[in-house]
Amino acid sequence: MDLSVIWFVLVAVLFIGFFFLEGFDYGVGVLLPFLGRSDSERRLIIGSIGPVWDGNEVWMITAGGALFAAFPHVYATLFSGFYLALFLMLVALIVRGVGLDFRSKQPGPNWRSTWDWLIFAGSLVPALLWGVAVTNLIKGVPIDDKMNYVGTFFDLLSPYTLVGGAAFLLVFVYHGAVYLTLKLEDALAQRARRAALVIGCFTAAACLVLVGMTYMYTDLFASIGAGISLWAAVGAFVLSYLAMRVGRTGWAFVASGLAIVLTTVAFFWGLFPRLMVSSLNPAWSLTVANASSSPLTLKLMTIAAGLLVPVVLAYQAWTYWTFRKRVTLRDLEY
Amino acid sequence: MDELLLARWQFGITSTYHFLFVPLTLGLSLLVAAMETVYVRTGNELYKKMTQFWGKLFLINFALGVVTGLVQEFEFGMNWSEYSRFMGDIFGAPLALEALTAFYLESTFIGIWIFGWNRLSKRLHAAAIWIVALSSNLSAFWILVANSFMQAPVGYVLRNGRAEMNDFAALLTNPYVWNQFPHTVLGGLVTGGVFVMAVSAYHLLRRSQVDFFRPSFKMGLICALAASLLVAATGHRQAQILAEVQPMKLAAIEALWETADPAPFTFFAAIDSKKQENRGEVSFPGGLSLLVHNSPTGEVKGIKSLQQESEKRFGPGSYVPDVPSVFWSFRVMVAAGIWLLAVTVLCAYFWRRGTLENKPLLLKAAVATLAVPYIANSTGWYVAEAGRQPWIVFGLQRVEQAVSPTVSATSIWITLIGFTIVYGVLAVIGVYLMGKFAKQGPAASVETAEPAEGKGVELWT
């Protein structure tokens, strides 16, 4: 297989890891002000992602670095094109990261509630924007013959991409609620569970609308595998919801994660061999062939990724194992 | 202002701000790791207290370094898309390797370290902070591999309208990296050492918690003293490397307009860039030749003849960086280095004699010295980056060819103002928090958390 194809798959894998892990992170952040009614409850909620959120975020950083190294044209077109959207996301991630670290470093209630809302906004905005971004990639954006994005910020917002943003956000919030049900105790866990059951209904509706609009606005279903994968994602979500209803939270988490994985697979599968679709002229799309790095760079990176990604997975899995227990007030650091 | 200037301002502001936090992360992480190692080996609770106190300050700084680094990664794509297209084949690889070999480790194990005090064995917990410290420094290595290519390109071939890698080993063995990397890491150790010294001196002056701050001061002092000496040595080597790969930067640093043999080292001068001459020079004859050639004679090329050479090679245009700002930044950096050496040597001398704590003036100087490594780090980077102009990649791509062609000035204004405000607010908050905890001392920062007994997650029920 061509190395650039391998890198297409690897970039997809990085996004899968990112959406799966950081998905519940974002969800937890969005739920924080609503589920946590007292300061200690909010500390517990933050404590549930405390040891892992930073490691999760690196999946995005690595995806960005991998795009730069393997598909420099995509890196250049995407980030100069989605300029203001990316700016909003970066500001959100800045206040979120600082908020998670700083919120418990001062006792005042105003200090803490300010950071709580910033963590909320800092989690909501990226979750939403990633949905907008992914749906824009498959729908197509104005890219000219010089590989430059020639639209504006508002061209990124269409009914389809806004539904995409809402659907991603809701899936992440549901995923986060299921995670919190696993990680918290007693009344707080019950509240998280009820939240998951309520949000799950809206999520299912949004996902169905998204799938329907994907038929209308994109050529994703031209690829049979992508179509199956997207419907399988819907199926996985329904299973997750049913598992949640009957109290099998662990299975519900696995299934909601699977729904995220399958959705990401579907979008990348539908894109292939393109990475960004040009709405002006199909020939101007960025593909694995015209956007990739030289064979030597790809080879080098393939060796590095082959050696290192399994190691990363191993120690990140070990982290989750080390902090597998439910969070209690006694082991809070933030 | 046009897009190019705005994009340059934005990069200057965001990267200078990012680099306020990086050196302390590099240096203090190693110091905290050393403290925890002493604790594990001796079981002395004092060192556990030290680890936790300095670790808390480290974490506030670390958080700001991480989030501002995020902006750095995406800024090349946002504002410098033509650069990214031209250089991605070479520049992307070290960046991706940084993520794979360093960021993952750093970010995963920092979480383990923060939350793992009661969950891991002592040794494993100490190993976690070592992993954080070493991977931070490894991360600096990859960034400098990328930056060194921009300063002194190696291992590439021009093909398909871009620079393509043809020798990865050459990238890794670039002589420029192997001076810049130790110089940067040592600069980090100076920053970390001076930080610990300054905060400790503040408390020694007030005779508060001396049993804690005496050993802290000693560790900071040893670190700062050794690193200050070595950072000066690598700085000296840098002059010789510049003479070879970036003679124009060297000439600008010295405001050396005419080629000279022997070349003098100029301490001060009034520089007239327009007329290309200096007035009122105070210089040391043969000093620059000595720096470059290790001998009082030897030719050093001047700006005028280098400009002519460049025009022959690259066509008409100005290849001269902004001489006065490079010249003065360099002098500020060197003065800062001399100040650091002086203060650390004096502190060490009186420490050995056991009379340091009776020298309030010196202790006050040690507190004030906290600002000095930051000045040295920032001016040092200014010299390195501004001295490379007009090139973004030396000899291969000029800055104006690198900027994103489709990003409007309005867009850059929005992000420029936005980042500046967010960064400004965060700076105030960060300095406030660090100041607060630093003044409180360890008594308030040590949390005696009991072992947690949460139930296991019943994943499969």
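The values are calculated or read from the model by the stated rules, or taken from the named source; none is laboratory data. All of these numbers come straight from a predicted model, not from anything done at the bench. Glycine also receives a Cβ, built like all others from the backbone with ideal geometry; neighbour counts cover every protein chain displayed. Only protein heavy atoms, including side chains, enter the accessible area calculation; ligands, DNA and RNA are left aside. Shrake-Rupley method; radii C 1.70, N 1.55, O 1.52, S 1.80 Å.
Probe radius 1.4 Å, ligands and nucleic acids ignored: give me the carbon and sulfur share of the accessible area of the protein assembly as shown as a rounded percent. List each step's numbers first, then the result.
Details: 20070 of 29800 Å².
Answer for the protein assembly as shown: carbon and sulfur cover 67 percent of the accessible area.
Amide H to amide H under 5 Å from B:LEU256: which residues, 5+ apart in sequence or cross-chain, H placed 1.01 Å off N in plane?
B:ILE303
To the nearest 0.05, how large is the calculated FRET efficiency for A:VAL209 and B:ASN166 if R₀ is 56 Å and r is the Cβ-Cβ distance?
Plugging the Cβ-Cβ distance into 1/(1 + (r/R0)^6) gives 0.65.
As a test of reading the structure, rank A:CYS201, B:CYS223, B:CYS347 by solvent-accessible area (1.4 Å probe, protein chains only), most first. Intermediate results must be reported in sequence, preceding the final value.
On the way: A:CYS201 75, B:CYS223 20, B:CYS347 0 Å².
Descending accessible area places them as A:CYS201, B:CYS223, B:CYS347.
Under a crude label model (7 Å from the Cα following the beta-carbon direction), how far is B:ARG159 from A:PHE154 in nanometres?
Reported label-point gap for B:ARG159 and A:PHE154 is 4.6 nm.
Under 22 Å from the Cα of B:LYS48, which lysines turn up, not counting those fewer than eight places away in the same chain?
The reachable lysines, counting only those whose Cα sits under 22 Å from B:LYS48, are A:LYS105, B:LYS56, B:LYS122, B:LYS218, B:LYS436, B:LYS439.
For B:PHE265, enumerate residues with amide H under 5 Å from its amide H, sequence gap 5+ or separate chain, H modeled in the peptide plane.
The list, which skips near neighbours in sequence, is B:PHE284, B:GLY286, B:GLY287, B:LEU288.
For A:MET147, what accessible surface area do you get with a 1.4 Å probe? Give it in Å², rounded to 10.
Spelled out: A:MET147, probe radius 1.4 Å, area about 30 Å².
Taking beta carbons within 10 Å but only from partner chains, what does the mean come to for residues A:85-97? Don't skip to the end; give the middle numbers.
Numbers: counts 0, 6, 9, 2, 2, 12, 7, 0, 4, 11, 4, 1, 6.
Mean shielding count: 5.
Taking the Cα centre of each part, how many Å lie between segment A:147-214 and segment A:13-77?
Centre-to-centre (Cα) distance: 14 Å.
What is segment B:284-348 by shape, rounded, prolate or oblate, if you read a ≥ b ≥ c off the alpha carbon gyration tensor as root eigenvalues and call it rounded for a/c under 1.5, prolate for a/b larger than b/c, and oblate otherwise?
Working: a/c = 4.22, a/b = 1.89, b/c = 2.23.
Oblate shape, in that a/c is at least 1.5 and b/c is the bigger or equal ratio.
I need the calculated FRET efficiency for the pair B:ARG206 and B:GLU309, taking r as the beta carbon distance and R₀ as 41 Å, to the nearest 0.05.
FRET efficiency, B:ARG206 to B:GLU309: 0.10.
Length gain on complete extension for the stretch B:ALA226 to B:PHE284, per 0.36 nm per residue less the alpha carbon to alpha carbon distance? Write out the running numbers ahead of the final one.
Details: separation 58, 0.36 × 58 = 20.88 nm, distance 2.77 nm.
Full extension of this stretch gives 18.1 nm more.
Going by a ≥ b ≥ c, the root eigenvalues of the Cα gyration tensor, does segment B:1-144 fall in the rounded group (a/c under 1.5), the prolate group (a/b larger than b/c) or the oblate group?
prolate
Compute the long axis of helix B:122-151 from its Cα atoms, compare it with the longest principal axis of the Cα atoms of chain B, and write down the angle in degrees, 0 to 90, nearest 10.
10
Taking 7 Å along the Cα-to-C-beta vector as the label spot, tell me the B:GLN440-B:THR420 distance in nanometres, rounded to one decimal.
Taking the simple label geometry, B:GLN440 and B:THR420 are separated by 3.4 nm.
Taking the Cα centroid of segment B:290-314 and of segment B:1-52, what is the distance between the two, rounded to the nearest whole Å?
37
Be a star and scan segment B:329-349 for residues whose amide nitrogen sits under 20 Å from the point 7 Å along the Cα-to-Cβ vector of B:THR16.
Answer for this model: B:329-337.
Suppose accessible area is computed on protein heavy atoms with a 1.4 Å probe; arrange A:TRP117, A:TRP284 from highest to lowest. Display every interim value, and only then the final one.
Details: A:TRP117 115, A:TRP284 95 Å².
So the residues, ranked largest to smallest area, are A:TRP117, A:TRP284.
Quick one: accessible surface of A:LEU262, probe radius 1.4 Å, all protein chains present, in square angstrom to the nearest 10.
Looks like 40 Å² after rounding.
Roughly how much accessible area, to the nearest 100 Å², goes out of reach of solvent when B and A pair up, both sides summed, probe 1.4 Å?
Values: alone 21960 and 15190 Å², together 29800 Å².
Looking at B and A, the buried total is near 7300 Å².
Which three lengths, in whole Å and largest first, does segment A:38-103 cover when its Cα atoms are put on their principal axes?
47, 22, 13
Express the accessible area of the protein assembly as shown per residue in Å², computed with a 1.4 Å probe while the remaining protein chains stay in the model. Please list the in-between numbers first.
Details: 29800 Å² over 795 residues.
Normalised by residue count, the accessible surface of the protein assembly as shown is 37 Å².
How much of the calculated P(r) for the protein assembly as shown lies past 53 Å, in percent of all Cα pairs? Mind dumping the intermediate values first?
Numbers: 43339 of 315615 pairs.
So the portion of pairs separated by more than 53 Å is 14 percent.
In whole angstrom, how far apart do the alpha carbon centroids of segment A:233-278 and segment B:244-285 sit?
Rounded to whole Å, the Cα centres lie 65 Å apart.
Tilt of helix B:81-98 relative to the longest C-alpha principal axis of chain B, in degrees (0 to 90, nearest 10)?
Rounded to the nearest ten degrees, it is 40.
If the cut-off is 29 Å between C-alpha atoms, which lysines fall inside it for A:LYS299, apart from same-chain ones fewer than 8 positions away?
Partners within reach: A:LYS146.
A:LYS139: which lysines have alpha carbons under 29 Å from its alpha carbon, excluding same-chain residues fewer than 8 sequence positions away?
In chain and number order, there are no partners.
Mind grabbing the accessible area of B:LYS301 for me, 1.4 Å probe, Å², rounded to tens?
Number for this one is 80 Å².
If you take the beta carbon distance between B:GLU244 and A:ALA222 as r and set R0 to 56 Å, what does 1/(1 + (r/R0)^6) give as a FRET efficiency, to the nearest 0.05?
On the way: r = 57 Å, r/R0 = 1.01.
Rounded to the nearest 0.05, the efficiency is 0.50.
Using 7 Å Cα-to-Cβ label points, what is the A:LEU307/B:ARG41 separation (nm, one decimal)?
3.0
Using a 1.4 Å probe and counting only protein heavy atoms, arrange A:PHE323, A:PHE34 so the residue with the most accessible area comes first. It would help to have the intermediate numbers written out before the result.
Working: A:PHE323 20, A:PHE34 115 Å².
Per-residue accessible area, sorted high to low, gives A:PHE34, A:PHE323.
In sequence order, what are the phi-derived ³J(HN,Hα) couplings for segment B:374-384 according to the Karplus relation 6.51 cos²θ - 1.76 cosθ + 1.60 with θ = phi - 60°, rounded to whole Hz, with x for glycine and proline?
Coupling constants for segment B:374-384: 5, 5, 5, 4, 5, 5, x, 5, 4, 4, 4 Hz.
Check every DSSP H run in chain A and write down those whose alpha carbon atoms cover 30 angstrom or more along the long axis and whose mean Kyte-Doolittle hydropathy is 0.0 or greater.
On the way: long enough: A:3-35 (46 Å, 2.09); A:109-139 (45 Å, 0.62); A:159-183 (36 Å, 1.26); A:186-217 (45 Å, 1.03); A:224-245 (32 Å, 1.50); A:249-271 (33 Å, 1.66); A:295-322 (40 Å, 1.10).
TM-like helix candidates: A:3-35, A:109-139, A:159-183, A:186-217, A:224-245, A:249-271, A:295-322.
With no solvent and one point per C-alpha, what does the Debye sum give as log10 I(q)/I(0) for segment A:38-192 at q = 0.15, 0.19 Å⁻¹?
Reported log10 I(q)/I(0), two decimals: -0.90, -1.23.
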